[in-house]
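S.K.: Structure in structure tokens, see below.
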Amino acid sequence: MPSANKKLRHSDASASRPALLLEWYDRHRRRLPWRPLAGEHADPYRVWLSEIMLQQTGVKTVGPYFEKFIARWPNVEALGGASLDDVLRMWAGLGYYSRARNLHACAVAVRNEHGGVFPDTEEGLRALPGIGPYTASAIAAIAFGRQTMPVDGNIERVVSRLYAVEEPLPQAKPLIQQLAATLLGPARAGDVNSRAGDSAQALMDLGSSICTPKKPACVLCPLNEDCLGRARGDQESFPRKAPKKTGALRRGAAFVVTRGSELLVRSRPEKGLLGGMTEVPTSDWLADQDDKAAAKQAPAIKGATRWHRKAGVVTHVFTHFPLELVVHTASVPARTRAPQGMRWVPIATLKDEALPNVMRKVIAHGLGL
Ligand code: SF4
């Protein structure tokens, strides 16, 4: 079967893919609050803000937040002059709060170190807080017309189907990146008339509206005549994925402590698994840890704390290991102080906290929700 696994192939038809894509985009581009109208130049601030908000969050949810931010802070100088607390408050509900902290840090850096003007190269953008390779590429292409193709999950799917990439993810990423770049419209780097940003947005739109994970609408696709996956009839099986390697089971204990209608929580370290997210206190998560050893790591709360071990366990599967947590609960008197590094939050506002799924399960189990 034909595939793009070993080397890039260029048919006559492939040369017209960028043009077909742009023609389709001109007719079907989605109207999004951060997107300028056809022919208008994109504002780097709006592109950056939307790209940060769209990390791990869908377009529908992001829309109203984007509008609120723009109304309050219409440019990067205004956002860089805001307090972190105000930014976090406005962000509440979008989740993954480390993004909000980085957003603020980035705005401060652009305001104080770059005179309020975003760098216009990928390298310059990547040096800013919270901007990784994908976001730098997206901003460079969309806001500055740089000849670079940002590759997210949607674009990975379209490209791996188009070229029937047999190599599984994540190893296939460099090949997919290379193939995706061939779909950029022609232009010189930095050319103000470059349509690199439109090529990228066209692929993003195609991936989210036509080349969907299940049942792609191939009849409506501008690239359908030249799609290897479609020709083979197994397009839905792309992108190929390596079977998941799951590590050894880890065990631990989680401690659900209530003070009236409040819950004891802390923030995870910024770096590492679930970085910066909110959790109830837990023991270490280790393979071969017995319940007794885990229970001994309960938070040190002043006064006598009567722990109650909830029946059953909470299980969660992370990418690299499955986890089993025993849940201990305790109820402490009003005015009990939170141990160092922890805080009380009203249970009613937990939805505004950056709680990972595993913690939602633990809290539901501990509170009997
Ligand atoms: S033809 Fe179908 S599978 Fe191929 S890129 Fe278009 S929508 Fe995706």
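S.K.: Given the criteria more than 24 Å from residue 43 (Cα to Cα) and hydroxyl-bearing (Ser, Thr, Tyr), does residue 97 qualify?
M.R.: Working: more than 24 Å from residue 43 (Cα to Cα): yes; hydroxyl-bearing (Ser, Thr, Tyr): yes.
Taking the combined requirement at face value, the residue satisfies it.
S.K.: Residue 213 versus (1) open to solvent by less than 40 Å² (accessible area, probe 1.4 Å); (2) within 12 Å of the ligand (Cβ to nearest atom); (3) of a type outside the set (Lys, Arg): which is the lone unmet condition?
M.R.: (1)
S.K.: For residue 203, only one of the following conditions fails: (1) of a type outside the set (S, T, N, Q); (2) surrounded by fewer than 23 Cβ atoms within 10 Å (Cβ to Cβ); (3) more than 8 Å from the ligand (Cβ to nearest atom). What is its number?
M.R.: (2)
S.K.: Please name all residue pairs, on different chains or six or more residues apart, with Cβ atoms under 8 Å, provided the first residue is in segment 306-324 and is without any contact (Cβ under 8 Å) to a residue 60 or more places away in the chain and the second residue is assigned to a loop (DSSP other than H, G, I, E, B).
M.R.: Listed pairs, sorted by first residue: 307/298; 318/273.
S.K.: What is the residue count in segment 343-361 for residues that are of a type in the set (D, E, K, R), crowded, with 17+ Cβ neighbours inside 10 Å and farther than 18 Å from residue 328 by Cα? Write out each step before concluding.
M.R.: Taking segment 343-361 first, the residues of a type in the set (D, E, K, R) are 343, 351-353, 360-361.
Narrowing the set further to residues that are crowded, with 17+ Cβ neighbours inside 10 Å leaves 352-353, 361.
In the following step, the residues that additionally are farther than 18 Å from residue 328 by Cα were identified as 352-353.
Total meeting the criteria: 2.
S.K.: Checking residue 284 against (1) touching a helix residue (DSSP H, G or I) at 6+ places or on another chain (Cβ under 8 Å); (2) open to solvent by less than 50 Å² (accessible area, probe 1.4 Å); (3) free of Cβ contacts under 8 Å to residues at least 40 places away in the same chain: exactly one of these is not met. Which one?
M.R.: So residue 284 meets the others, but not (2).
S.K.: Please find, within segment 326-369, the residue that is nearest to residue 93 (Cα to Cα) out of those that are assigned to a loop (DSSP other than H, G, I, E, B) and among the charged types (D, E, K, R). Before you say what the answer is, go through the steps one by one.
M.R.: Of the residues in segment 326-369, the ones assigned to a loop (DSSP other than H, G, I, E, B) are 332-341, 353-356, 368-369.
Retained after the next criterion (residues that are among the charged types (D, E, K, R)): 335, 337, 353.
Numbers: 335: 28, 337: 27, 353: 7 Å.
Across segment 326-369, the extreme among qualifying residues is 353.
S.K.: Give me a count of the residues in segment 228-266 that are hydrophobic (A, V, I, L, M, F, W, C), outside any strand (DSSP E or B) and under 30 Å from residue 361 (Cβ atoms). Spell out how you get there, then give the answer.
M.R.: Step one: of segment 228-266, the residues hydrophobic (A, V, I, L, M, F, W, C) are 228, 231, 238, 242, 248-249, 253-257, 263-265.
With the extra rule that they be outside any strand (DSSP E or B), the set shrinks to 228, 231, 238, 242, 248-249.
Retained after the next criterion (residues that are under 30 Å from residue 361 (Cβ atoms)): 242, 248-249.
Residues meeting the conditions: 3.
S.K.: Identify all residues within segment 127-154 that are assigned to a helix (DSSP H, G or I) and out of contact with any Gly (no Cβ under 6 Å at 6 or more places or on another chain); write none if there are none.
M.R.: Initial filter on segment 127-154 (assigned to a helix (DSSP H, G or I)): 133-144, 153-154.
Selection gives 133, 134, 135, 136, 137, 138, 139, 140, 143, 144, 153.
S.K.: Now a separate question. Under 8 Å by Cβ, and 6 or more places apart or on different chains, what pairs join a residue from segment 326-341 that is open to solvent by 20 Å² or more (accessible area, probe 1.4 Å) with one that is among the polar types (S, T, N, Q)?
M.R.: Qualifying pairs under 8 Å: 329/258; 331/258.
S.K.: State whether the residues of segment 184-199 include one that is within 13 Å of the ligand (Cβ to nearest atom), polar (S, T, N, Q) and under 19 Å from residue 22 (Cβ atoms).
M.R.: Pass one, segment 184-199, residues within 13 Å of the ligand (Cβ to nearest atom): none.
No - not one qualifying residue is present in segment 184-199.
S.K.: Among the residues of segment 231-238, is there at least one that is farther than 24 Å from residue 169 by Cα, out of contact with any Pro (no Cβ under 6 Å at 6 or more places or on another chain), of a type in the set (Ser, Thr, Tyr) and more than 8 Å from the ligand (Cβ to nearest atom)?
M.R.: At the first step, the residues of segment 231-238 found to be farther than 24 Å from residue 169 by Cα are none.
Looking through segment 231-238, none of the residues is farther than 24 Å from residue 169 by Cα, out of contact with any Pro (no Cβ under 6 Å at 6 or more places or on another chain), of a type in the set (Ser, Thr, Tyr) and more than 8 Å from the ligand (Cβ to nearest atom).
S.K.: What number goes with the only condition from (1) within 16 Å of the ligand (Cβ to nearest atom); (2) assigned to a loop (DSSP other than H, G, I, E, B); (3) of a type in the set (S, T, N, Q) that residue 171 does not pass?
M.R.: Only one criterion in (1) within 16 Å of the ligand (Cβ to nearest atom); (2) assigned to a loop (DSSP other than H, G, I, E, B); (3) of a type in the set (S, T, N, Q) is unmet by residue 171, namely (1).
S.K.: Could you list, ordered by first residue, the pairs with Cβ atoms under 9 Å in which the first is in segment 205-224 and among the hydroxyl-bearing types (Ser, Thr, Tyr) and the second is not in a helix (DSSP H, G or I), at least 6 apart or interchain?
M.R.: 208/30; 209/30; 209/217
S.K.: What single numbered condition from (1) under 30 Å from residue 39 (Cα atoms); (2) open to solvent by less than 50 Å² (accessible area, probe 1.4 Å); (3) not in a loop (DSSP other than H, G, I, E, B) fails to hold for residue 225?
M.R.: All conditions are met except number (2).
S.K.: Return the only residue of 276, 197 being touching a Lys or Arg at 6+ places or on another chain (Cβ under 9 Å), open to solvent by less than 20 Å² (accessible area, probe 1.4 Å) and at positive phi.
M.R.: Values: 197 fails: at positive phi.
After ruling out the rest, the residue left standing is 276.
The values are calculated or read from the model by the stated rules, or taken from the named source; none is laboratory data. Note that the coordinates shown come from a computational prediction; the quantities given were computed from them, not determined experimentally. Here Cβ is always computed from backbone atoms with ideal geometry, including for glycine, and neighbour counts include all displayed protein chains. For accessibility, only protein heavy atoms count, side chains too; no ligands or nucleic acids. Shrake-Rupley method; radii C 1.70, N 1.55, O 1.52, S 1.80 Å.
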